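Enquirer: Have a look at the structure that comes next, please.
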Amino acid sequence: MNKKHTVAQLISVDRVQRFNSQIIVGIIASILISVVMAGMLLEVTPPSKVAWWLSAFLVTSLIRLSIYLYYRRRGTTVESVGLQKNLLLLSLFFAGCMWGTAAIFLFPYNSITHQVLLAFVLGGMVAGSVNIFASIMTSFYVFSIPTIVPLTVVLFSIGDRLHMAMGLMLSIFVLFMALANRKINLEIYEFLVRKHQNLELIRNLELEIGVRQAAEEKLLLKNQQIESIVEERTVELRQVNEQLLAEIDERIEAEKALKESELKYRELANSLPQIIFETDAAGRITFANRNAGKLLGYAKTDFSQGLSAFDVLAASQAAQSVAGLRAVLQGRPLTGEEYQAHGKDGRSFPVSVHAAPVCQHGAIVGARGLMIDLTEQKRIEAEQHRLQNQLQAVQKMEVLGAVAGGVAHDLNNILSAIVSYPDLLLMQIPPDSSLRQPLLIMQESGKRAAAVVQDLLTLTRRGVVVEEVLNLNEIIERYLQSPEHEQLMQAHPGVRVRVALDERLLNMTGSKVHLLKTLMNLVFNAAEAMPDGGFIDVATGNCRLDQPLRKYDAVVSGEYVALTVADTGTGIAPEDIDRIFEPFFTRKKMGRSGTGLGMAVVWGAVQDHGGYIDVTSVEHQGTRFALYFPATRRETDGGEQPAPIAAWQGKGESILVVDDVPVQRRIASDLLTHLGYQVATAQSGEEAVELLRARPVDLVVLDMIMAPGMDGLDAFRQIRRMYPGQRAVIASGYSETERVREALALGAGPYVKKPYTWITLGQAVKTALNRAETTPQAFGPAGEA
């Protein structure tokens, strides 16, 4: 390595070489993704625009590939690194511009799905560039800014709340990607600085070793000259006495120089943070610096008594270490071989060994080198891997949340006919009709499908809408008496449930529906884990948490209600226990033993209730889930008994059903007509306002989500301006949203969730007609308030 090159120049060369070696991955990924994205955008964008953009993008990619291949053949030098870096950054800038132009020329204004696809692709390109372009920080900005800014500008320019939110989330995403890129860039830079500092120290050591060898050779030569003179001129001793004294003085000076060289060498070796060592041909350590004793725990006497180099390396690597020493003694240096160092106290840590042969009189007599402690480097690499996994998990949940929230409303609308119409048909056929059982099966299937939709909403943190004071013991007793539990026990006759409930259990606040679903999933999984039978233990108790649980950095100190569900089943494999709460992760056959959402729903429900979950499992012995929920000293309200069916019958009151989906209008109209109400319908908020302007009604049933035009909240505001006391029922396929809560705060209510049943809709309508201004209630698909 040329001495005139500074460490900064050498680091610059390393960074450009690292950047150039990784850019080919980005080029290939860019070409593949651009072709796939162009194919998807052909559905909503003129083909000519897509073709021109794709052609320009491929030309840009070929230019980048040419630059990469050119410098791959020529290599990177200090003299050429500046030009190479600028060319790479320039080509990367044009690549970012090409991605950015896609947001301008190919933006699918008429398709929100393709807009999300475009945002996902561009965001993914920026996320992928975090690691690929980490060696040169500027490259991340040169690529990500022209890639993301045009799309962000387009989203903000559209101006509605959805696109403003998308633009804001995209901006926040890029900011965090920049922070992650900055962190990785600093780690790479620090590594390269340490690398070149160590190389410089090695060069200095080699120079000092050369000086020492020269002094030894000079001393040997002088000794030979003196002995020759003494033998040849013994008879002339008196005449040459002065000359002999001069030679002795020279020898003294040489020995002094040798000692000074040795002292300087030892001081330099002791100043290094690494382990510096020398061995003889048998592997015995003949020299070790001060840091060797600190890191390995050996005293000077240990080294002086012939401690072997093999004693400080792991016994499991004996063959590898013997082969390494043999290679050095044959003249082949070691350059960064990784071993496990073994200290005197039994502690092991990873090291990188660099060693070269020691020559005397033309023969190799031992080895000299250094060991670099890799503990910190390995920790940084593990932390980087953990952060990457965490980022991927967050991205997965964001995508799942967007998908679940987007389809829940449509799925509930589709399921309404399957859940609602069997009610009407069952009331119109005789009890002994052969059609009754198929209709009940159809309705039950629809309700199970609605429950899966509710699981998705719970999973995406959008499902817990009720917060009431309740007792966990009552929920457990209710579940144990439910048809679902009876069916589970019939399917697993060898399973027995043992219950131990604390009679003095404190109350908690939350949603009965979600806690019941959580318990159901835990018991179901426990039964599935015991194909040959066994015991499921369900217990409750009071406790106080003030120390973090496993997988949690901290807990909120206070009183908690504990729920434990334990089984004696097959247990969970250690490699799976950290993944059991991932959505759709299962070792069972998908579709035959659930949807793969059960444990993810449990995790989401516990999080939404401000609680914690602890899992312990031993294979072939069983698994134990412990759930902790914050306790309250408030008392339960005791609940209300459901009114008889006759109380839900109408007396000819007038009702206006407002829904943009024809099937939903028809279902609600048929159910309410059958209950004795006079029903009119409107397909939009605007039509409803006009109808009410001409003729008022006793009650309005408003769908919350209608597009385009007024949604339920806007329509209710207009109606309240005309009729301040107008009563209304709010309906939606989602769980409760911010706009639903705003409508309820304005006086609307109760709130009923789709799909309708004649019980839930009739109860909500009757409640609304009979109340003045009371707290809004929510009625779900299962008929529970």
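The values are calculated or read from the model by the stated rules, or taken from the named source; none is laboratory data. Worth saying up front: this structure is predicted, and the values here are computed from it rather than measured. We place every Cβ from the backbone using ideal geometry, glycine too, and count neighbours over all the protein chains shown. Accessible surface areas use protein heavy atoms only, side chains included; no ligands, DNA or RNA. Shrake-Rupley method; radii C 1.70, N 1.55, O 1.52, S 1.80 Å.
Enquirer: Quick one: which of 570-576, 672-678, 653-659 comes out on top by average Cβ neighbours within 10 Å, and what's the full order, highest first?
Expert: Numbers: 570-576: 14.6, 672-678: 17.7, 653-659: 23.9.
For the peptides 570-576, 672-678, 653-659, the packing ranking is 653-659, 672-678, 570-576.
Enquirer: Let me ask something else about it. Return P(r) of segment 60-168 (all Cα-Cα pairs; 5 Å bins starting at 0; whole %; ordered from short to long distances).
Expert: Per 5 Å bin, starting at zero, the Cα-Cα P(r) for segment 60-168 comes out as 2, 12, 20, 21, 16, 11, 8, 5, 4, 2, 0 percent.
Enquirer: Sticking with this structure for a sec: Whole number in Å², please: accessible area per residue of segment 19-102, 1.4 Å probe, ligands, DNA and RNA not counted.
Expert: On a per-residue basis, 51 Å².
Enquirer: Also, I was wondering about something else. Could you bin all the Cα-Cα distances of segment 103-142 into 10 Å bins starting at 0 and give me the percent of pairs in each, rounded to whole numbers?
Expert: Per 10 Å bin, starting at zero, the Cα-Cα P(r) for segment 103-142 comes out as 28, 38, 26, 8 percent.
Enquirer: Could you rank the peptides 699-711, 207-219 by their average count of other C-beta atoms within 10 Å per residue, with the highest value first? List each step's numbers first, then the result.
Expert: Numbers: 699-711: 20.3, 207-219: 14.7.
Per-residue Cβ counts within 10 Å, averaged per peptide and sorted highest first, yield 699-711, 207-219.
Enquirer: Moving to a separate point now. For GLY534, which sequence-distant residues (separation of 5 or more, or a different chain) have an amide H within less than 5 Å of its own amide H, given hydrogens modelled in the peptide plane?
Expert: Distant-sequence amide H within range of GLY534: VAL495, ARG496.
Enquirer: Please report, as a whole percent, how much of the solvent-accessible surface of segment 81-148 comes from carbon and sulfur atoms (probe radius 1.4 Å). Don't skip to the end; give the middle numbers.
Expert: Working: 1870 of 2450 Å².
After summing per-atom areas, the C and S share lands at 76 percent.
Enquirer: For the peptides 109-116, 497-504, 35-42, what is the packing order when you average, over each peptide's residues, the other Cβ atoms within 10 Å and list the highest mean first?
Expert: 35-42, 109-116, 497-504
Enquirer: Using amide H atoms built in the peptide plane, which far-off residues or other-chain residues are under 5 Å from LYS754 H to H?
Expert: Residues meeting the criterion, in which the H sits 1.01 Å from N, are SER732, GLY733.
Enquirer: Is the shape of segment 496-543 rounded, prolate or oblate, going by the alpha carbon gyration tensor and its root eigenvalues a ≥ b ≥ c, with a/c under 1.5 for rounded and a/b larger than b/c for prolate?
Expert: Details: a/c = 3.81, a/b = 1.53, b/c = 2.48.
In terms of gyration-tensor shape, oblate.
Enquirer: Pairs LYS195/LYS378; LYS195/LYS294; LYS300/LYS378; LYS259/LYS344; LYS256/LYS294: which exceed 25 Å Cα-Cα?
Expert: LYS300/LYS378; LYS259/LYS344; LYS256/LYS294
Enquirer: Please give the solvent-accessible surface of GLU468 in Å², to the nearest 10, using a probe radius of 1.4 Å with every protein chain present.
Expert: Approximately 50 Å² of GLU468 is accessible to the 1.4 Å probe.
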